[in-house]
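Colleague: Below you'll find the structure I mean.
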Amino acid sequence: TLANYTIAMINYKITPNFLSHEWHITLSFTQPNDSETEISLPNWVPGSYLIRDFARHITHISARCNGKAQPLTQTSKNHWQTPALSGAWEIYYTVYAFDLSVRGSFLSTERGFFDGACLFLKVHGQEEQPHQVEFPTLPHTWQIATTLPQISATIFQTASYAELIDHPVETGIIEFLDFEAQGISHRIALSGIYPDFDRARFLADIQKICETELAMFPSPAPFTEYLFLLHLGDNLYGGLEHISSTALLADRHSLPSYNMGEADKAYTELLGLFSHEYFHAWNVKSIKPAVFAPYNLDQENYTEQLWAFEGITSYYDDLFLARSKTISPEAYLTLLAQSITRVQQTQGRLKQTLAQSSFSAWDKFYKQDENSPNAIVSYYQKGALAALCLDLIIREKSQGKYTLDSVMQQHYRDWCNTHQGIPEKHWQSRCQEITGLDLETFFQTALYSTEDLPLAECLQSVGIKLDFIPLPRQHGGAFATEPQSVAPANDLGARFKQNGDHAILTHVFNGGSAENAGLCPQDKIIALGGYACNDLAAQWSKLPIGTRTTIHFFRQGLLRETSITVQAAEANTALLHITDRQKLENWLYNH
């Protein structure tokens, strides 16, 4: 009878089909009443603010109830409905998996990976029931790396659906590296093919970064174990945070070689990726906007606060490399100069505010096109610089009594006490309550206007001089041992890709030489000044400012010619120079 039915555990059996890159999944559950059951798949994954329509990868779906085939009615792109029948239901579905990213699903003869949001159908009304996942047929040589609570070698169980999709899974041939930080077990799971590397150096550096971040926040940490899933391949980069783990992609040559000495560019970038995603365990996975508590994974969750979550995290990621002494102060200042330069070279900073950048991430930041540098600013990059200014302003105004650390610590205490998200604009007001400072003018300028941030003044307070120099765009910014003054370089006013004897324009910047000559993205430059375009960067750099010359190019298969005037580069490349090392080290190390 119906009275004998109880709501049972939600079960998923996952079987791989390696050659066709498909996960075959059986979802089983009990419906205790003669009522319709709704099932759905998320449209996006927390931490990556774009509607990704994961249901488009479902290539087959069917249902049975009490052993008999039943129809499924699709009610929207990611929702299905069963008939009104009680009993034991089984949903059979197949998911195509060939997305080599941290936010999707991938399966080949070499490895498998998935983020639960793109694989696990949700049974509406039973989200708070226990959810169990079984891998009955994985190859015996394959291992599983995940922080899903483990029942046996191939069975895992969580207390809810939300928990189920917050633990990515890597499976295949995996190398595990283990360490402890502040008494908490940490593990790095490496997959892919990569050269031999200095494991002791790598572990020591990641351990120092984790210990430094753990020490910043009050106990308890939001996790009792932590797992870094690191897949290494060719020209890969990316990360996505989860509550007790993170999925990372990196180039196989970014691991530290033996006897490396000071961290090189690729290894520094890898350390920054670890630092960034780890910090998210506190900032986004714990402290979060109110609209994310809980997430609505069917549709966009709009907030003006992404600057405070991605931007502040982007400020701390490199800062923790310096605090933990895995890189030198000079190396940190080079990273900071590069961040400043990226924002300063973006014309979009004059058109879009940080609040607007956060709010429109769904359709502007995550859907960039050839005009994006002219139209938008990154809430990651400018958000990090806003966090830098905020930190240094708080330090100076409170005479060192408070810092941005103080604000983050209290936000975390608030989260631990209430588990409530932060309403719109409340982050700013809470910051002022915590520090006792009037920061309204700063927030108004930094978040709601397109005025440039007070970077030079803020950095001066910690013994750093900021100069903007008209260097070639590709210079990118750096630490400088001495202040520099140089004659302006020239600038094409465009990004391009050199392909043998021609260059393809990818972005044309407002007001630059290329735009003023009528050039467009996708124009194929074949000659400059009558000479074959074998190295556009080198050829352009030799032309004196003010020179007028010709460019021959193909546009949609038609040969065109235009005259172009060589313009001077803007003074938008940041160079940072230490004027007071004691103040600098006090900021970096005495926090």
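Colleague: If you scale each eigenvalue of the Cα gyration tensor by 5 and take the root, what three semi-axes come out for the stretch 1-110, rounded to whole angstrom and sorted largest first? List each step's numbers first, then the result.
Modeller: Values: eigenvalues 159, 52, 31 Å².
Semi-axes, largest first: 28, 16, 12 Å.
Colleague: If you don't mind, another one. Report, in deg cm²/dmol and to the nearest 500, the calculated mean residue ellipticity at 222 nm for the chain, where each DSSP H run with n ≥ 4 adds -39500 (n - 2.57) and the sum is divided by the residue count. Don't jump to the answer; show the numbers that get you there.
Modeller: Numbers: 15 runs with 151 residues, N = 591.
My calculation for the chain gives -7500 deg cm²/dmol from helical runs alone.
Colleague: With the full set of protein chains in place, find how many percent of the accessible area of the stretch 229-307 is carbon and sulfur; take the probe as 1.4 Å.
Modeller: With neighbouring chains kept in place, the figure for the stretch 229-307 is 47 percent.
Colleague: Given the pairs K208/K401; K497/K524; K13/K122; K285/K382; K397/K425, which span a C-alpha to C-alpha distance of over 18 angstrom in this model?
Modeller: Working: K208/K401 26 Å; K497/K524 10 Å; K13/K122 14 Å; K285/K382 21 Å; K397/K425 22 Å.
Cα-Cα > 18 Å for K208/K401; K285/K382; K397/K425; rest within.
Colleague: If you average the C-alpha positions of the stretch 467-506 and of the stretch 24-85 separately, how far apart do those two centres end up, in angstrom?
Modeller: 52
Colleague: Which value, in Å² and to the nearest 10, is the accessible area of W142 when all protein chains are kept and the probe is 1.4 Å?
Modeller: The accessible area of W142 comes to roughly 30 Å².
Colleague: Suppose accessible area is computed on protein heavy atoms with a 1.4 Å probe; arrange H475, H242 from highest to lowest. Spell out each step's value before the answer.
Modeller: Working: H475 85, H242 5 Å².
Order by accessible area, largest first: H475, H242.
Colleague: A follow-up question, please. What Kirkwood hydrodynamic radius, in Å, does the stretch 453-564 give when the mean of 1/r is taken over all pairs of distinct Cα atoms and then inverted? Mind dumping the intermediate values first?
Modeller: Numbers: mean 1/r = 0.0632 Å⁻¹.
Kirkwood radius, the stretch 453-564: 15.8 Å.
Colleague: Using a 1.4 Å probe and ignoring any ligands, DNA or RNA, find the accessible area of R581 and quote it in Å² to the nearest 10.
Modeller: 100
Colleague: So, one more: Rounded to the nearest 0.05, what FRET efficiency do D196 and E110 give with R0 = 25 Å and r taken as the Cβ-Cβ distance? Could you check?
Modeller: E(calc), rounded to 0.05, equals 0.80.
Colleague: If R0 is 30 Å, what FRET efficiency do you get for E128 and L177 from their C-beta distance, rounded to 0.05?
Modeller: Values: r = 36 Å, r/R0 = 1.19.
For R0 = 30 Å, the calculated efficiency reads 0.25.
Colleague: Give, in whole angstrom and from largest to smallest, the semi-axes √(5λ) of the equivalent ellipsoid of the stretch 161-277, with λ running over the eigenvalues of the Cα gyration tensor. Each step should come with its number before you reach the end.
Modeller: Numbers: eigenvalues 101, 65, 30 Å².
After scaling each eigenvalue by five and taking roots: 23, 18, 12 Å.
Colleague: Using θ = phi - 60° and the Karplus form 6.51 cos²θ - 1.76 cosθ + 1.60, what ³J(HN,Hα) does each residue of the stretch 489-503 get, whole Hz, x for Gly and Pro?
Modeller: 7, 8, 8, 6, x, 7, 9, 8, 10, 7, 10, x, 9, 8, 10
Colleague: In the set (1) 14, 32, 28, 18, 7, 1; (2) 18, 43, 26, 7, 3, 2, 0; (3) 18, 47, 30, 5, 0, which value of P(r) over Cα pairs in 20 Å bins from 0, in percent was calculated from the structure you see?
Modeller: (3)
Colleague: Answer with one residue from A514, A290, I422: the one whose Cα lies farthest towards the positive end of the charge dipole of the chain, charges on Cβ with Lys, Arg +1 and Asp, Glu -1.
Modeller: Looking along the dipole axis, the top candidate is A514.
Colleague: How many Å² of accessible area per residue for the chain, probe 1.4 Å? Walk me through the numbers before you get to the answer.
Modeller: Details: 24480 Å² over 591 residues.
Value for the chain: 41 Å² per residue.
Colleague: Taking Rh as the Kirkwood radius computed over C-alpha pairs, what is the Stokes-Einstein D of the stretch 58-130 at 20 °C in a medium of viscosity 1.002 mPa s, expressed in µm² per second?
Modeller: Numbers: Rh = 14.1 Å.
Translational diffusion coefficient: 151 µm²/s.
Colleague: Right, something else. Helix by helix through the chain, keep the DSSP H runs that span 18 Å or more along the axis on Cα and average at least 0.5 on Kyte-Doolittle, and give those back in order. Write out the running numbers ahead of the final one.
Modeller: Numbers: long enough: 199-216 (26 Å, 0.09); 265-279 (21 Å, 0.01); 329-344 (22 Å, 0.23); 381-397 (24 Å, 0.52); 404-418 (21 Å, -1.10).
Helices meeting the criterion: 381-397.
Colleague: Okay, next question. Computed FRET efficiency, Cβ-Cβ of R581 and E262, R0 22 Å: what is it to the nearest 0.05? Intermediate results must be reported in sequence, preceding the final value.
Modeller: Numbers: r = 18 Å, r/R0 = 0.82.
Once rounded, the FRET efficiency stands at 0.75.
Colleague: Follow-up. Over the alpha-carbon set of the stretch 276-348, work out the extent along each principal axis and list the three values in angstrom, largest first.
Modeller: So the three principal-axis extents are 44, 33, 15 Å.
The values are calculated or read from the model by the stated rules, or taken from the named source; none is laboratory data. Please read all numbers here as calculations on a predicted model, not as lab measurements. Using ideal geometry, Cβ is built from the backbone for each residue, glycine included, and neighbour counts are taken over all protein chains shown. Accessible surface areas use protein heavy atoms only, side chains included; no ligands, DNA or RNA. Shrake-Rupley method; radii C 1.70, N 1.55, O 1.52, S 1.80 Å.
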